[in-house]
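Participant: First, the structure itself, so that you have it in front of you.
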Amino acid sequence: MLNHVGTQILKTKRLVLRRFALGDAEAMFENWASDSEVTKFLTWEPHRDISVTMSVISDWICEYQNKNGYNWGIEFCGEIIGSISLLNPNDELLEAEARYCISKAYWRRGIVTEVYKKVLDFAFNNVGFKRIYTKHNIDNPNSGKVMKKCGMNYIETKNCPLALKPDKIVMCDCYEIYKKE
């Protein structure tokens, strides 16, 4: 049985993982949500203006009322630079899907690996998940490197529809990790 506690503040040596606030809209828009290079491999299109970002954050803030929702802003030196989430929690199978996004100014600094490891620890030891799974577009091998650094194991490559890009189906590498007993 899962112990859903919702999005809690998590800290690493360099970062704070916290709930989003409306005041994060400008940083989110500027740092990654409007960047077509960042969103190229994601399930959603770049935000055309800050009102889209504000709407997304407003939805996330409402979702924080649900204890089975897990969506963190990644804060570095006082600024939001990305996000990481546990999606589709399954109480019967004790699993969830992990997704992340980060500003390209912070790529290749080990930040995503650091955050991912912290979220995995929280998911396994605080919530009680037994399995976390994820996927990435095969044209984005750097995401696969992050997953491997976090101890995730490759499962398969398969066609995946992109949720908010309905006309697009891409090949994705799928990974998983189980809680160590």
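The values are calculated or read from the model by the stated rules, or taken from the named source; none is laboratory data. These numbers come from a predicted model, not from an experiment. We place every Cβ from the backbone using ideal geometry, glycine too, and count neighbours over all the protein chains shown.
Participant: Please verify whether GLY69 is modelled with pLDDT of 95 or more, touching a Ser or Thr at 6+ places or on another chain (Cβ under 9 Å), under 24 Å from SER143 (Cα atoms) and not charged (D, E, K, R), treating the condition exactly as stated.
Facilitator: Details: modelled with pLDDT of 95 or more: no; touching a Ser or Thr at 6+ places or on another chain (Cβ under 9 Å): yes; under 24 Å from SER143 (Cα atoms): yes; not charged (D, E, K, R): yes.
It is false that GLY69 is modelled with pLDDT of 95 or more, touching a Ser or Thr at 6+ places or on another chain (Cβ under 9 Å), under 24 Å from SER143 (Cα atoms) and not charged (D, E, K, R).
Participant: Please enumerate the residues belonging to the stretch 159-181 that are of a type in the set (D, E, K, R), at pLDDT below 85 and under 30 Å from ASN125 (Cα atoms).
Facilitator: Kept after step one, since they are of a type in the set (D, E, K, R), are these residues of the stretch 159-181: 165, 167-168, 173, 176, 179-181.
With the extra rule that they be at pLDDT below 85, the set shrinks to 165, 167-168, 181.
Within the stretch 159-181, GLU181 is the sole residue that qualifies.
Participant: Could I ask something else about it? Test of understanding: among GLU30, GLU45, GLU26, which residue is out of contact with any Lys or Arg (no Cβ under 6 Å at 6 or more places or on another chain), part of a loop (DSSP other than H, G, I, E, B), surrounded by fewer than 17 Cβ atoms within 10 Å (Cβ to Cβ) and acidic (Asp, Glu)?
Facilitator: Values: GLU30 fails: part of a loop (DSSP other than H, G, I, E, B); GLU26 fails: part of a loop (DSSP other than H, G, I, E, B).
None of the other options fit; the residue is GLU45.
Participant: If the requirement is being closer than 24 Å to HIS47 by Cβ, touching a strand residue (DSSP E or B) at 6+ places or on another chain (Cβ under 7 Å) and among the polar types (S, T, N, Q), which of these qualifies: ASN68, ASN88?
Facilitator: Numbers: ASN68 fails: closer than 24 Å to HIS47 by Cβ.
It is ASN88.
Participant: Could you list, in sequence order, all residues of the stretch 82-106 that are over 9 Å from the mean Cα position of the chain (by Cα) and either of a type in the set (Gly, Ala, Ser) or over 23 Å from ILE132 (Cα atoms) (or both)?
Facilitator: Result: ALA96, SER103, LYS104, ALA105, TYR106.
Participant: While we're here: Just to be sure I understand the filter: pairs with C-beta atoms under 9 Å, separated by 6 or more residues or on different chains, first member in the stretch 1-22 and farther than 20 Å from ALA96 by Cα, second member acidic (Asp, Glu) and loosely packed, with under 13 Cβ neighbours inside 10 Å. Which pairs pass?
Facilitator: That search, which allows pairs on different chains as well, returns nothing.
Participant: Hey, another quick one. Where residues in the stretch 34-66 are at pLDDT below 95 and in contact with a helix residue (DSSP H, G or I) (Cβ under 7 Å, 6 or more places away or on another chain), which of them is farthest from GLN8 (Cα to Cα)?
Facilitator: GLU37
Participant: Something else: Quickly run through the stretch 16-35 and pick out the residues that are hydrophobic (A, V, I, L, M, F, W, C) and within 15 Å of the chain's Cα centre (by Cα). Show your work before the answer.
Facilitator: Here is the first cut: in the stretch 16-35, the ones hydrophobic (A, V, I, L, M, F, W, C) are 16-17, 20-22, 25, 27-29, 32-33.
Listed by number, the residues that qualify are VAL16, LEU17, PHE20, MET28, TRP32, ALA33.
Participant: Of the numbered conditions (1) more than 28 Å from GLU26 (Cβ to Cβ); (2) in contact (Cβ under 8 Å) with a residue 60 or more places away in the chain, LYS148 satisfies every one except a single condition; which is it?
Facilitator: (2)
Participant: Also: Being in a strand (DSSP E or B), in contact (Cβ under 8 Å) with a residue 24 or more places away in the chain and farther than 18 Å from GLU114 by Cα is the filter here; which residues of the stretch 84-102 pass it?
Facilitator: PRO89, GLU95, ALA96, listed by residue number.
Participant: What number of residues in the stretch 64-78 are within 28 Å of GLY128 (Cβ to Cβ) and surrounded by fewer than 17 Cβ atoms within 10 Å (Cβ to Cβ)?
Facilitator: Narrowing the stretch 64-78 to residues within 28 Å of GLY128 (Cβ to Cβ): 64-75.
Right, trim to surrounded by fewer than 17 Cβ atoms within 10 Å (Cβ to Cβ) and you get 64-68.
Looking only at that region, the number is 5.
Condition check ((1) buried (at least 19 other Cβ atoms within 10 Å of the Cβ); (2) of a type in the set (A, V, I, L, M, F, W, C); (3) farther than 24 Å from LYS168 by Cβ) across all residues:
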position: VAL52; (1), (2), (3): no, yes, no
position: ILE80; (1), (2), (3): yes, yes, yes
position: ILE84; (1), (2), (3): yes, yes, no
position: LEU93; (1), (2), (3): no, yes, yes
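Participant: Condition check: loosely packed, with under 14 Cβ neighbours inside 10 Å and under 18 Å from TRP32 (Cα atoms). Does LYS148 satisfy that? Break it down stepwise before answering.
Facilitator: Numbers: loosely packed, with under 14 Cβ neighbours inside 10 Å: yes; under 18 Å from TRP32 (Cα atoms): no.
It is false that LYS148 is loosely packed, with under 14 Cβ neighbours inside 10 Å and under 18 Å from TRP32 (Cα atoms).
Participant: Scan GLY128, GLY110 and give me the residue that is small (Gly, Ala, Ser) and at pLDDT below 95.
Facilitator: On the way: GLY128 fails: at pLDDT below 95.
Going through GLY128, GLY110 in turn, just one is small (Gly, Ala, Ser) and at pLDDT below 95: GLY110.
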